Amino acid sequence: MKDRLFSKQANDYARFRPTYPEDLFGYVASLTEEHSCAWDCGTGNGQAAIALAHYYDRVIGTDPNADQVAHARSHPKVEYRIAPAEGSAISAESSDLIVAAQALHWFDLGKFYAEVQRVAKSSGSIIAVWCYGLMEITPAVDQIISRYYHNVIGKYWEMERRWVEQGYRGLPFPFEEIMPPEFSMEADWILDHLLGYLNTWSATQTAIRLEGANPIDLIRAELREAWGHVEMKRQIRWPLFVRIGRINKKAG
């Protein structure tokens, strides 16, 4: 994972990113035969790890970015480790569930999937990965954000972002796939929170670094006009793209 992209804004990442729905974790947990240990790979600020702690006796959250882990919320059942997805140092055949939330596209998939095979239990283990793209607010606001995403900072998105734009469709996933129900994230935000969220985008941060100015300033006034009163809360929705599979251990 390109952890350098998320170091500077680690605190904002914890403050402004939306939260995953509880029913997603309940559904994923219902698929595993046992609930002794879950691995949240690319844990970031620990959002998924904390949610998994409601269902598993122990959760290990790994991330190569020390700044992100430093801002992760603590929980008595969650252990955070600074480690890459491809070399977690988690005990072999120990995990009932392996999760990658908005992170899989950063991994070296061949090496990560080998690590999944090593860490998963001999039977009954599940892998669940998901991502989300642009939000839905109002047609006027959505149009501005889409233009910002594609035209203003489009050239600053990393190559891996294409997998998110495709909803992880076509991404290699060598597991016995399970078709999940639909899930989405929802939040009620004022405009300042939305602007804080846009500021966490890696392409925004890359543009700031290379251009010396925040590209959000190019849409700020227009976005304010489309939003209405700045303290007005608007409902925001992000469709989640989820892929789930049973891990069949390879012989040998």
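Quick check on SER202: is it closer than 17 Å to ALA101 by Cα and either touching a His at 6+ places or on another chain (Cβ under 9 Å) or buried (at least 18 other Cβ atoms within 10 Å of the Cβ) (or both)? Spell out how you get there, then give the answer.
On the way: closer than 17 Å to ALA101 by Cα: yes; either touching a His at 6+ places or on another chain (Cβ under 9 Å) or buried (at least 18 other Cβ atoms within 10 Å of the Cβ) (or both): yes.
The answer is yes for SER202.
Cβ-Cβ distances below 8 Å connect the following pairs, each with a first residue in segment 151-165 that is under 15 Å from ARG209 (Cβ atoms), a second residue that is outside any loop (DSSP other than H, G, I, E, B) and of a type in the set (Val, Ile, Thr), and a separation of six or more residues or different chains: ILE153/THR204; ILE153/THR206; TYR156/THR204; TYR156/THR206. Among the residues of segment 205-221, write down those that are among the small types (Gly, Ala, Ser) and either modelled with pLDDT under 95 or buried (at least 17 other Cβ atoms within 10 Å of the Cβ) (or both). Hit for segment 205-221 is ALA207, nothing else. Looking across segment 220-239, the residues that are of a type outside the set (Lys, Arg) and either in contact with a helix residue (DSSP H, G or I) (Cβ under 7 Å, 6 or more places away or on another chain) or more than 28 Å from TYR168 (Cα to Cα) (or both) come down to ALA221, GLU222, LEU223, GLU225, ALA226, TRP227, GLY228, HIS229, VAL230, GLU231, MET232.
If you go through segment 77-101 and keep only what is out of contact with any Ser or Thr (no Cβ under 9 Å at 6 or more places or on another chain), closer than 21 Å to ALA29 by Cα and surrounded by fewer than 19 Cβ atoms within 10 Å (Cβ to Cβ), you end up with LYS77, GLU79, SER91, ALA92. Do we have ARG237 as within 22 Å of THR138 (Cα to Cα), of a type in the set (Lys, Arg) and not in a helix (DSSP H, G or I) here? When the stated conditions are applied, ARG237 passes them.
Quick check: anything in segment 59-70 surrounded by fewer than 20 Cβ atoms within 10 Å (Cβ to Cβ), free of Cβ contacts under 8 Å to residues at least 60 places away in the same chain and either touching a Leu at 6+ places or on another chain (Cβ under 8 Å) or of a type in the set (Asp, Glu) (or both)? Checking segment 59-70: not a single residue is surrounded by fewer than 20 Cβ atoms within 10 Å (Cβ to Cβ), free of Cβ contacts under 8 Å to residues at least 60 places away in the same chain and either touching a Leu at 6+ places or on another chain (Cβ under 8 Å) or of a type in the set (Asp, Glu) (or both). Considering segment 102-116, and only residues there that are out of contact with any Cys (no Cβ under 9 Å at 6 or more places or on another chain) and assigned to a helix (DSSP H, G or I), the residue that is farthest from ARG162 (Cα to Cα) turns out to be ALA114.
Applying the set (1) surrounded by fewer than 18 Cβ atoms within 10 Å (Cβ to Cβ); (2) aromatic (Phe, Trp, Tyr); (3) in contact with an Asp or Glu (Cβ under 8 Å, 6 or more places away or on another chain) to PHE173 leaves exactly one unmet item: (3).
The rows are residues; the columns are (1) over 30 Å from GLU93 (Cβ atoms); (2) in contact (Cβ under 8 Å) with a residue 24 or more places away in the chain; (3) among the small types (Gly, Ala, Ser).
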{"residue": "ASN199", "(1), (2), (3)": "yes, yes, no"}
{"residue": "ALA207", "(1), (2), (3)": "yes, yes, yes"}
{"residue": "GLY212", "(1), (2), (3)": "yes, no, yes"}
{"residue": "PRO215", "(1), (2), (3)": "yes, yes, no"}
{"residue": "TRP227", "(1), (2), (3)": "yes, yes, no"}
{"residue": "GLN235", "(1), (2), (3)": "yes, yes, no"}
{"residue": "PHE241", "(1), (2), (3)": "no, yes, no"}
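The values are calculated or read from the model by the stated rules, or taken from the named source; none is laboratory data. No experiment lies behind these values; they were computed from the predicted model shown. All Cβ positions, glycine included, derive from the backbone under ideal geometry; neighbour counts span all protein chains shown.
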